[in-house]
C-alpha cells in the first residue's frame, strides 16, 4: 500500500507517538488541573511540557498562550467568533478551506463584512491585493499558510506587514504547514495561529490548538465554550486566566501526550531535512505526471513555492474513478473531489468536479512515488 | 521543624510555569494540594521553606512570574 493522503492526516505515526499515548494512560491517568494527587499532577506536567514545546516551536515566549482545541477548525472558530463583532470587516483569500470559509459565512449572516482576495489560478496570492481591500473597519485578515488542494504557499509575512500597517490582526491556518515549514510567529508577524496535531506534527487526531502571540490582549477574545477549569472554583463566572479561559472541560490528555511525542520526533528528524525530502518527492510527482499528455496538473508546479500536495485531473475521466482504481487495483491511496475547499477549486478552475490529490509524507520514499506514477499511467491508459 | 509557606496560583499551568523557574533558581519546592484554608480551588500550590520567602518573593516579582498570593503555613503543614 502506498499512502498518498498525508494532507488529510499523516500515516503511519512514529512509534514514539503511539507509545507516549499508551504510557500516559498507564502512568499519568489523573485529571490534570483538578485534583492535587500525583496522577493528576503527572498529567498536568505532560500537558504543560507539551504547551511549552509548542510555544517554542512557533516562536512564542509564553507557554500559557498555547490554547489546546480539538483541531484547527475549532481553533479558527475560537479566534474568529471570539474576536469579531457585527460591523467588523474581514479579508480572506480565495484559496481557503471550509474551516475558514464556513465560520466566515456564518459570521457574515450575523453582520460582519467579508471580502475575498482573488488568488491566481496556480493558487498564488499577491499581498498587495489584500492591501487594496483593507478599510478603516478591517479587524482581521485570515488565510491559509498553504493550500490543501494544490499546496501553494501564501505570502504570510508580506501580508502580515500590510495587515499590521492597518492595525488589523492576522490569523493563519497552518493545518497543512506546521511540521514541514518552519513557523516563527514573532518573525513572520502572525498574531494568531491555528494548528492541527494529526497532520505533519505527527500527532493523533482530536488535538490541535490556537497560539496567541505574546503582544495580543486576550481580553478582546471571548471563549467559545465556558465551564469547569479546576481554577477559581468559587466563582460561577468564566475565569480570565490563560489558558483556562479558553479550555473548559477535561483536556485531551492522550492526544496532547501524542502530540508532544510527535513534536520531539520532528525535532530529532529535523524540519529542514523533512522539507528537502518532500520537495524531492513533489518534484518526482510533478515530473512523472507531466509525462502523460492527458493529465492536467494544478498549482505552481514548483516545489520551492509549494508544499508536497499535487492535484491533477485526467481529460475525459472522472476523478472518482481514478481514485477508486488506484486504491482497488494498485493500493495507491489518494483523495479525490473538492477537499472541503470549494473556493480553492473555483480559483484553480476544477470546480465542481474536483481533482485527484496526491500528498506524500515523511515516510514516503522515491520508490513509492515511482510505483504510484506507474499505477496512474496504467489507470489512465485502460 | 521546618516551617513552610505556600505560593498560591489561579491556574495549574501557572503553578507548573513557576515551579520550573524556581527549581532553575535552586529553590527546594514541592507541589502540594492547595490548602483549603487559603483557597476554594481544587488545584495545586507550591510549598517552600519559609526561610526562603523573601528571596522567593523577590525572584517571583523580578521574573514577572504571575501568582495569586504567598501564605505562611502556621499549622498542619502539608
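Results, tabulated for the structure shown:
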read-out	value
Crossing angle, helix A:253-269 versus chain A [Cα axis fit, 0-90 degrees, rounded to tens]	60
Contact order relative to length of segment B:4-73, as percent, for alpha carbon pairs under 8 angstrom and 6 or more apart	51
Residue with peak Gaussian network fluctuation, chain A [Cα springs, cutoff 10 Å], from A:241, A:88, A:222	A:241
Gyration tensor verdict on chain B (Cα atoms; rounded if a/c is under 1.5, prolate if a/b is larger than b/c, oblate otherwise)	oblate
Calculated on alpha-carbon atoms, Rg and Dmax of segment A:52-114 in Å	13.7, 38
Choice from A:167, A:131, A:36 showing the highest fluctuation, given a GNM over chain A with Cα pairs closer than 10 Å	A:36
Cα gyration tensor of segment A:210-352 - equivalent ellipsoid semi-axes, whole Å, descending	43, 20, 17
Relative contact order of chain A, defined on C-alpha pairs under 8 angstrom at six or more residues apart (%)	23
Exercise: per-residue mean of other protein chain Cβ atoms within 10 Å, B:2-14	5
q = 0.14, 0.15, 0.16 Å⁻¹, segment A:168-288: log10 I(q)/I(0) [Debye, one scatterer per Cα]	-0.75, -0.83, -0.92
Diffusion coefficient, µm² s⁻¹, Stokes-Einstein with Kirkwood Rh over alpha-carbon pairs of segment A:1-158 at 4 °C and 1.567 mPa s	69
Cα gyration tensor shape of segment A:274-371, rounded if a/c is under 1.5, else prolate or oblate by comparing a/b with b/c	oblate
Fraction of antiparallel bridges per DSSP, chain A only, in percent to nearest 5	50
For chain A, calculated [θ]222 nm from helices alone, where every DSSP H run of n ≥ 4 adds -39500 (n - 2.57)	-12000 deg cm²/dmol
Exercise: per-residue mean of other protein chain Cβ atoms within 10 Å, A:56-63	1
Order by protection proxy (mean Cβ within 10 Å, highest first), peptides A:152-159, A:230-237, A:196-203, B:65-72	A:196-203, A:152-159, B:65-72, A:230-237
Ratio Rg/Rh, restricted to segment A:15-268 and using Cα atoms, in which Rh is the Kirkwood radius	0.98
For segment A:303-382 versus segment A:239-289, the gap between their alpha-carbon centres in whole angstrom	23
Mean projected area in nm² (Cα convex hull; one quarter of hull surface) for the protein assembly as shown	23.2
Nearest 10 degrees, 0 to 90: helix A:271-290 Cα axis against chain A principal axis	30
Rg to Rh quotient for segment A:241-303, alpha carbon positions, Kirkwood Rh	1.27
For segment A:159-199 and segment B:4-51, distance of Cα centres in Å	34
Inter-chain shielding of A:343-350 (mean C-beta neighbours from other protein chains, 10 Å cut-off)	0
Rounded if a/c under 1.5, otherwise prolate or oblate - segment A:102-163, Cα gyration tensor axes	oblate
Nearest-ten-degree value, helix A:98-109 long axis tilted from longest Cα axis of chain A	60
Fluctuation leader among A:247, A:273, A:96 - chain A, Gaussian network, Cα springs under 10 angstrom	A:273
Length-normalised contact order for segment A:87-164 - Cα pairs under 8 Å, 6+ apart - percent	39
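Every number in this text was worked out from the coordinates using simple rules, so none of it is lab data. Only a predicted model underlies this, so the values are computations on that prediction, with no experimental measurement involved. When we count neighbours, we look across all protein chains shown, and the Cβ atoms used for this are built from the backbone with ideal geometry, even at glycine.
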